[in-house]
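Read through the structure below, which is laid out as structure tokens, and then see the notes.
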Amino acid sequence: MSEALIEVSRVSKSFGGVVANHDISLTVAEGRITGLIGPNGSGKTTLFNSIVGYHPIDAGSIKFEGREISDLNVQKIARLGLVRTFQQTRIYAKMNCLENMRISIAHRNAAWGDMFAKYPPAVVERAEQLLEFVGLYAKRNLVAGSLSFGQQKLLEFAMALMNEPKVLLLDEPTAGINPTLINGLIDRLQRANRDFGITMFIVEHNMRVIMNMAEHIYCLAHGELLAAGPPEKIQNDKSVIDAYLGAH
Amino acid sequence: MTKNSLILHCAILVSGIVAPLLFPGLVFQFAMLWIMILFALTWDVLGGQMGYNSLGNILFFGFGMYICAITQIGMFYDVGKYTAAFGAIKVDFTDQQYYLGLALGLVFAALASVVVAAVLSWVLFGLRGPYFAIGTLGAALAAAELTGSWNYVGGGGGISMPVFPGEPGARSLFFYSLCMLLTIVCYLFLRWLYQTRFGMALNAIRDDEDKAEAMGLHTNRYKMMAWSISAFFLGIVGGLFGNMTGFIEPMEVAYPTLTFGIFMVAMTLLGGKGTLWGPIIGAVLFHVLKEVTWTYLLGWQYVALGLLIIVNVVYFQQGIMGWMQEKWPERFGLVVDRAPGGAAPEDAQ
């Protein structure tokens, strides 16, 4: 296994009396696609939110490239190259697609003066290439809010790529997408992983998708880590099957 | 710049120069029109482009006014003694003293307003939506009360401003020119600003601030800078307005939260927030309407304006420019544009 890019160790998070994550440890290997599955309410999104700094964690540590990030805020973590997409697709609805793309460039080294800079032609070119990559080039001048849900999801994905992340945390990338288009999306995710070298950590409910894509899968249930391993192992793990179907 | 837009800009510039010469009696009104446009333009930076509805922008207007006045007087006299006399001692400023004081006063007004905006943004940008609106309103009201209870600057009694060294006609034209110049500079600056990364960042914050944060945008930086830009222009125009009226006091002149403070919001909404020309169109329409109702519907003027605001907010939220964008989207560049190769949007659902 290659080097761990994200190291989550013994992370716990409660909301009032509800223990959303309890003592969870996992690693996301560099250059790979790692999956995270679990029944509804098992704490997947909470774990995502903890990693990207959306809320403080109660205990444990989260390291990115060996650096502790659990005490950083959302923006600083994003600028390190750890970018997430949302379960409820979020784009800038009143701006057009190209503007959505351009404002999504990496802000890692943005100085105060850059606030008033114009975009160099290379940025515009890259924005158009990525829109082409997700098949939205023809709609680049349309207001993003007027796109269909599936197209907005693709736009959000393209925006994330525009940000040149080291690792991409995708929260249910295929949810709400027409089944016939899912294959196209899987293909694009894999190409982004392979061609752009972006490590991915994916929450997904669609078993066909995640079993095909991920090399290593973690399964959560009731806020605890239930199982971990390659797809074949997870598929045959009795505790995972029980968690999904209910065991008595 | 297209030919039509060039003609439009020239026409506005020419009428701006000719109008006060043709109607010398209305010069103060014309100056007010430029100030109103500036109010709407600067309010729209936060309210329209960034989606933060501030009800307290008038704070910078009043603050700039007082800083300018204190500078103008304080450079040559003791401010405490000057204000304690409530204008009873007529102090003469030489021409040179007057212009130097005014120039430096306007500079300090701008800088001090920027500093106040930067400090306030630390506190107030923690609030969002209606809370931000109420928070800023509170700040403006507090500023008025604080100024009113500070005797050094005249308290509620106000300050008589230094008298302009020249004919009344020349005085009107002098301040008219400065108001016009300032508003044009502000327009050109914002026009440029909205083309840069800054404009897009403000729009991103408006559309989804959490998303912008998740993408690593320096949102606090942009918010602080946006408010500082508003404050810069409002501070200067405050200083100018104080000198135009000749007498300043906290409640009605410097911090008129219920008139100018609300007008800047109403004008922008009428013209269409979030656009460059919306605030300008809105300000002109609103100011003309206001003057007409003041002349022909005396006693009912606030009823008429109130009705206008209610109809605007309930039935016409997008404003004039927003309505035009909905009606002719292709004129604003909102089109499906196929790639030269003809790649169709394959994922259309």
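The values are calculated or read from the model by the stated rules, or taken from the named source; none is laboratory data. What you see is a predicted model, and the numbers here were worked out from it, not measured in a lab. Here the Cβ is made from the backbone with ideal geometry for all residues, glycine too, and neighbour counts use every protein chain on show. SASA here: full protein model, heavy atoms, side chains in, ligands and nucleic acids out. Shrake-Rupley method; radii C 1.70, N 1.55, O 1.52, S 1.80 Å.
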Cα pair distances of the range B:1-155 binned at 5 Å [whole percent]: 2, 8, 11, 15, 15, 15, 14, 11, 7, 2, 1, 0
Label-point gap, in nm, between B:Thr245 and B:Val14 - each point 7 angstrom along Cα→Cβ: 3.6 nm
GNM top mover of B:Gly242, B:Gly47, B:Gly306 - chain B, alpha-carbon springs below 10 Å: B:Gly306
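So if we plug the beta-carbon distance of B:Leu298 and B:Leu100 into 1/(1 + (r/R0)^6) with R0 = 56 Å, what FRET efficiency do we get, rounded to 0.05?
0.85
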Eligible aspartates and glutamates near A:Lys13 by straight Cα distance, threshold 16 Å, same-chain separation 8 or greater: A:Asp23, A:Asp58, A:Asp71, A:Glu224
Reachable lysines from B:Lys290, criterion Cα separation under 22 angstrom, eight or more residues apart if same chain: B:Lys273
Coarse-grained scattering of chain A at q = 0.07, 0.08, 0.15, 0.17 Å⁻¹, given as base-10 log I(q)/I(0) from a Debye sum over alpha-carbon atoms: -0.24, -0.31, -1.08, -1.34
Coil-residue GluC sites (Glu not before Pro) of the range A:180-248, DSSP, other Cβ within 10 Å capped at 16: A:Glu215
Accessible surface, per residue, of the range B:64-169 when the full set of protein chains is kept, probe 1.4 Å, Å²: 50 Å²
DSSP-assigned coil residues among GluC sites (Glu not before Pro) in the range A:86-195, each with at most 10 further Cβ atoms within 10 Å: none
Accessible area of A:Lys13 in the full protein assembly, 1.4 Å probe (Å², nearest 10): 20 Å²
Computed accessible area, A:Tyr54, all protein chains, 1.4 angstrom probe, square angstrom: 120 Å²
Loop-located chymotrypsin sites (Phe, Trp or Tyr not before Pro) in the range A:136-242, at most 16 other Cβ atoms within 10 Å (DSSP): A:Phe196
Buried on assembly, the range A:63-108 (at least 30 Å² less accessible surface than by itself, 1.4 Å probe): A:Val74, A:Gln75, A:Ala78, A:Arg79, A:Phe86, A:Arg90, A:Tyr92, A:Lys94, A:Met95, A:Ile103, A:His107
Distance between the range A:90-120 and the range A:183-248 - C-alpha centres, whole angstrom: 33 Å
Area of B:His218 that stays accessible when all protein chains are in place (1.4 Å probe, Å², to 10): 20 Å²
Rounded tilt (10° steps) of A:121-134 against the dominant C-alpha axis of chain A: 50 degrees
In the A-B interface, the accessible area buried, summed over both sides, Å² (probe 1.4 Å): 4300 Å²
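Average projected area of the Cα convex hull of the range B:28-261, in nm²?
12.2 nm²
Of all the accessible heavy-atom surface of the range A:21-151, with the other protein chains kept in place and a 1.4 Å probe, what percent is carbon and sulfur?
48 percent
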Full-stretch length increase - B:Phe23, B:Thr2 - with 0.36 nm per residue and alpha-carbon distance subtracted: 4.4 nm
For chain A, built as a Gaussian network whose Cα springs stay under 10 Å, the top-fluctuating residue of A:Ala117, A:Ala221, A:Ala192: A:Ala117
Nearby lysines by direct alpha-carbon distance to B:Lys81 (threshold 28 angstrom, same-chain neighbours under 8 apart not counted): B:Lys90
Ratio Rg/Rh [Cα only; Rh per Kirkwood] for the range B:200-348: 1.09
Whole-angstrom Cα spans of the protein assembly as shown along principal axes, big to small: 94, 53, 44
Carbon + sulfur, % of accessible area of the range B:22-176 - ligands and nucleic acids excluded, 1.4 Å: 71 percent
Gyration tensor (Cα) of the range A:170-248, equivalent ellipsoid semi-axes in angstrom: 25, 15, 11
Model label zone, A:His205; criterion: amide N under 15 Å from point 7 Å along Cα-to-beta-carbon; scope the range A:45-79: A:45-46
Per residue accessible area in Å² of chain A, where ligands, DNA and RNA are left out and the probe is 1.4 Å: 41 Å²
Complex-versus-alone comparison for the range A:183-214, residues with a loss of 10 Å² or more in accessible area, probe 1.4 Å: A:Arg188
Cα long-axis angle, helix B:58-74 against chain B (0 to 90 degrees, to the nearest 10): 30 degrees
